[in-house]
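Below is one structure, written out as structure tokens, with a few remarks after it.
The values are calculated or read from the model by the stated rules, or taken from the named source; none is laboratory data. Source: prediction; values computed, not measured. No Cβ is skipped: glycine too gets one built from the backbone with ideal geometry, and neighbour counts run over all protein chains shown.
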Amino acid sequence: MKKLLLWSAVFSTLLTFLCGAISHRYIPRVEAMAAPAADMDPHMSMSKLRPLQPGDKARADVVVAAAKKAAERYRDYRVAEADGYTIFMPDQHQNVYHFVLESADPETKAHFDPNRPPALLYTKRDSPNPEYKLVGVMYTAPHGATEEELNARIPLSIAQWHEHINMCVPPEPEQRNWLMGDRQFGLNGSITTAEACRAAGGHFRPHLSGWMTHVYPFETDSTKVWGAGMGDDHGMAHDSMPGMKM
């Protein structure tokens, strides 16, 4: 039991790094979409796309340019590690691995700076000495952010933000590939409620701390620059794991 509590504490800390601390400036009002629609992934909440407004494309282009400049520096993951980025859950099989910027300052995490993405996205090439190829960056916003606040960061006519929700952590997480490769637990698991999670002996997390959106600035196809979570061509969709049942 002590081992599980310790692991849960470590997991919570990593998730805070991944999604950013919740700032008191983001008190929930009319929050962005808080729950998935009936025909959507029960582990994913998505922001709503808005009609294109004057200036939206220009604002989004500024973010993409900043993302590309930041990403160029971190094509070598070792440079990212030297600058304070740490790989998130390296022992869990993932299609894309997040290298998360560690910061002890909540205000820094809550502040949107496109020049300093809080996470970098890499694919992994399995070998005796694993290598990682940078494919994009990730920006975050606090869990309680409203649609207006998300739109102020990146126009909702251009980017869809997503949030991972309703996740059950298994009772012995270190002994299984549960994050995306388990039929019962994690982001592809059948468990979506706190009651079912408790019955299975797991630890339920209603959300993983915050909103996020992926940017792939090296894509030449403009439709693939912004990863929408569920339809992300870079393998970020929950159902992208071969053989895994939603």
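Residue count for region 106-128 satisfying the condition of being of a type in the set (V, I, T) and free of Cβ contacts under 8 Å to residues at least 24 places away in the same chain: 1.
In this structure, L179 qualifies as in contact (Cβ under 8 Å) with a residue 40 or more places away in the chain, aliphatic (A, V, I, L, M), in contact with a helix residue (DSSP H, G or I) (Cβ under 6 Å, 6 or more places away or on another chain) and not in a strand (DSSP E or B). Residues that are buried (at least 16 other Cβ atoms within 10 Å of the Cβ), touching a helix residue (DSSP H, G or I) at 6+ places or on another chain (Cβ under 7 Å), of a type in the set (V, I, T) and outside any loop (DSSP other than H, G, I, E, B): does region 198-213 have at least one? No.
The set of residues in region 58-99 that are surrounded by fewer than 13 Cβ atoms within 10 Å (Cβ to Cβ) and touching a Ser or Thr at 6+ places or on another chain (Cβ under 9 Å) contains only G84.
D182 falls short on exactly one of the conditions (1) under 17 Å from the mean Cα position of the chain (by Cα); (2) modelled with pLDDT under 90; (3) farther than 19 Å from K48 by Cα; (4) crowded, with 16+ Cβ neighbours inside 10 Å, and that condition is (1).
Among the residues of region 129-176, the ones that are surrounded by fewer than 22 Cβ atoms within 10 Å (Cβ to Cβ), without any contact (Cβ under 8 Å) to a residue 60 or more places away in the chain and of a type in the set (A, V, I, L, M, F, W, C) come to 1 in all. Selection of region 157-192 for residues being closer than 13 Å to H93 by Cα and either touching an Asp or Glu at 6+ places or on another chain (Cβ under 7 Å) or among the small types (G, A, S) (or both) yields R176, G181, G186, N188. Somewhere in region 45-62, is a residue under 23 Å from M180 (Cα atoms), assigned to a loop (DSSP other than H, G, I, E, B) and at pLDDT below 50? The answer is no, given that none of the residues of region 45-62 is under 23 Å from M180 (Cα atoms), assigned to a loop (DSSP other than H, G, I, E, B) and at pLDDT below 50.
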